[in-house]
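Asker: Below you'll find the structure I mean.
The values are calculated or read from the model by the stated rules, or taken from the named source; none is laboratory data. Bear in mind the structure is a predicted one, so any value in this text is a computation, not a measurement. Note that each Cβ is placed from the backbone with ideal geometry, even for glycine, and that neighbours are counted across all protein chains shown. For accessibility, only protein heavy atoms count, side chains too; no ligands or nucleic acids. Shrake-Rupley method; radii C 1.70, N 1.55, O 1.52, S 1.80 Å.
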Amino acid sequence: MSKHHFRPVAAITGLAAVIALSTSLSAQASQLWKFQTNLNAGDDQFKIAEGWAKSVSEKSGGEIEIELLPSSSIVGNNETLDAVGAGILQGHITDPSYFAGKNPAFAVYGNMVGAWSDPYQFLDYMRNYGGEERYNALIEPYNVHLIRAGAMIPEALITKRKIETMEDFKGLKIRAPEGMVSNIFQLAGAAPVNLPTSEVYTALEKGVIDAADYTVFATNYTQGYHKYAPAAAYPGFHSMPMIGISLNKDIWESLSADDQKMLEDSVDEFVDALNIKLTAADQEQVKIAKENGVTISTLSPEELKKFRAAAQQEWNNWREKTPAAKEAVESITAYLKQNNLL
């Protein structure tokens, strides 16, 4: 943060006045930012985000304090973009897909299903191929600025039978939310079933579904889904949500270049820590799962290309929704082709 320098004065009264003014300005410089997340307070991801908030306080010498709030603390998850822009919140950590009703491009950036099999593929696109600039062009009219993009690790796919090729999807009754995820699984040959996450366990038990798009492997396994779905596609390949770490644009523009750089670097460290810790948790549970007879499989690079090729039909549907969605789909597709992923 900026520091204030004053000329020395001889008079005691003058010095006292300067000290009083300096104290006043220092108090004004200290900032408390409320950041709402789409995470629950008990989630591992929330605890890692708390570490990020603490690091910002340390890096700024205590001049920036971030109060991290769990899901829906002040506004609904689909309202945080407007709340940050209006200054009700100063920032948020969230999945952009919540704002797809404002522009379908948010869903494309938030989770272009099937596109990414590794968070650093997506982060390379966002950081080095213009993704962050395009995303900021989308949110800055709302008076919000993306500090940096983050990403979750890919979600695992829990199943009753192993998934190794596109043929294995044929007829697979898979729980998937309506929209892009469900449509892409259908294009891959599966039979999507729309169910809330609260019904996944019972649906697997009763045979209503054969597989489920749910969340990361560690959560799947610790919640006991392997009892009725003793196989898993891991590492995941179909769903990998973006995490947008954003700040009110007026606040961002009021910061010095050094402070902006500090925030960008802190978010990069947070994203790395998130991926390292979640991957470690997954791998620990994978080891336990294998010891307990769970079959672990995944698609080969060539099969992943086939899955993306099928997914393209759905991506093209989203491409036609708005100019921003078209730009997002086309730029991501170009990146995938350039890097031999499609």
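Asker: What does DSSP give for the chain in terms of the percent of beta bridges that are antiparallel, rounded to the nearest 5?
Answerer: Among the beta bridges of the chain, antiparallel pairing accounts for roughly 50 percent.
Asker: Relative to a virtual label point 7 Å from the Cα of Lys305 in the Cα→beta-carbon direction, which members of the stretch 160-189 show backbone nitrogen distances below 17 Å?
Answerer: Output list for this probe position: 165-167.
Asker: Sticking with this one: How far apart, in nm, are the 7 Å Cα→Cβ label points at Glu140 and Ala257?
Answerer: 1.7 nm
Asker: Tell me, what % of the accessible area of the chain is carbon and sulfur with a 1.4 angstrom probe?
Answerer: Its accessible area is 50 percent carbon and sulfur atoms.
Asker: If DNA, RNA and ligands are ignored and the probe is 1.4 Å, what is the ranking of Ile209, Ile288 by accessible area, most exposed first? Intermediate results must be reported in sequence, preceding the final value.
Answerer: On the way: Ile209 0, Ile288 60 Å².
Sorted by accessible area, descending: Ile288, Ile209.
Asker: Add +1 for every Lys or Arg and -1 for every Asp or Glu among the other residues with Cβ under 13 Å from the Cβ of Thr165, and state the total.
Answerer: 0
Asker: Follow-up. Tell me, how many Å apart are the Cα centres for the stretch 191-226 and for the stretch 53-124?
Answerer: Cα centres, the stretch 191-226 to the stretch 53-124: 27 Å.
Asker: Let me ask something additional. Amide H of Ser71: which non-local residues (sequence gap of 5 or more, or other chain) have their own amide H closer than 5 Å, using H built in the peptide plane?
Answerer: Thr37, Leu39, Asn40, Ala41
Asker: When the dipole is taken about the Cα centre of the chain, and only Lys, Arg (+1) and Asp, Glu (-1) are charged at their Cβ, what size is it in debye, to the nearest 20?
Answerer: Here the size comes out at about 480 debye.
Asker: While we're on this one: Bins of 10 Å, beginning at zero and ending with the bin holding the largest distance: percent of Cα pairs per bin for the chain, please.
Answerer: So the P(r) values, bin by bin, are 5, 24, 30, 22, 10, 4, 3, 1, 0.
Asker: Normalising by the residue count of the stretch 191-309, find the relative contact order in percent from Cα pairs under 8 Å and 6+ residues apart.
Answerer: On the way: 58 pairs, mean separation 46.8, N = 119.
Once normalised by length, the contact order is 39 percent.
Asker: Would you grab the residues whose amide H sits under 5 Å from the one on Ile64? Only those 5+ places off in sequence or on another chain, please, with H modelled 1.01 Å from N.
Answerer: Gln31
Asker: So if each residue of separation counts as 0.36 nm, and I subtract the Cα-Cα distance between Lys54 and Gln283, what length gain in nm does that give?
Answerer: Taking 0.36 nm per residue and subtracting the Cα distance, the gain is 79.7 nm.
Asker: What lysines does Lys249 reach when the alpha-carbon gap must be under 24 Å and sequence neighbours fewer than 8 apart in one chain are set aside?
Answerer: Qualifying lysines at Cα under 24 Å: Lys3, Lys34, Lys54, Lys59, Lys102, Lys261.
Asker: Right, next: Zone of Glu330 (label point 7 Å along Cα→Cβ, backbone N under 18 Å): which residues in the stretch 129-169?
Answerer: 129-138
Asker: A further question follows. Using amide H atoms built 1.01 Å from N in the peptide plane, name the residues 5+ places from Ile243, or on other chains, whose amide H lies under 5 Å from its own.
Answerer: Counting only residues 5 or more places away or on other chains, the set is Gly150, Ala151, Met152.
Asker: Over the chain, with the other protein chains present, what is the accessible area per residue in square angstrom, probe 1.4 angstrom?
Answerer: About 45 Å² of surface per residue is accessible.
Asker: Got a sec? Charge dipole of the chain, +1 on Cβ for Lys and Arg, -1 for Asp and Glu; which of Met112, Val56, Ala41 is way out at the positive end?
Answerer: Sorting the options by dipole projection puts first Met112.
Asker: Here's a follow-up. For Lys290 and Val208 in the same chain, what is the full-extension length gain: residue separation times 0.36 nm, less their Cα-Cα distance, in nm?
Answerer: 27.0 nm
Asker: Counting pairs of alpha carbon atoms under 8 Å apart in space and at least six apart in sequence, what relative contact order in percent does the chain give? Let's see the in-between values first.
Answerer: Values: 593 pairs, mean separation 74.4, N = 342.
For the chain, the relative contact order is 22 percent.
Asker: According to the square roots a ≥ b ≥ c of the eigenvalues of the Cα gyration tensor, what is the shape class of the stretch 209-342, taking rounded for a/c under 1.5, prolate for a/b larger than b/c otherwise, and oblate for the remainder? It would help to have the intermediate numbers written out before the result.
Answerer: Details: a/c = 2.44, a/b = 1.33, b/c = 1.83.
Oblate is the answer for the stretch 209-342, as a/c is 1.5 or above yet b/c matches or exceeds a/b.
Asker: Give me a comma-separated list of calculated 3J(HN,Hα) values for the stretch 266-275, in order, Karplus coefficients 6.51, -1.76, 1.60 applied at θ = phi - 60°, integers in Hz, x for any Gly or Pro.
Answerer: Taking θ as phi minus 60°, the curve returns 5, 5, 4, 5, 4, 5, 4, 4, 4, 5 Hz for the stretch 266-275.
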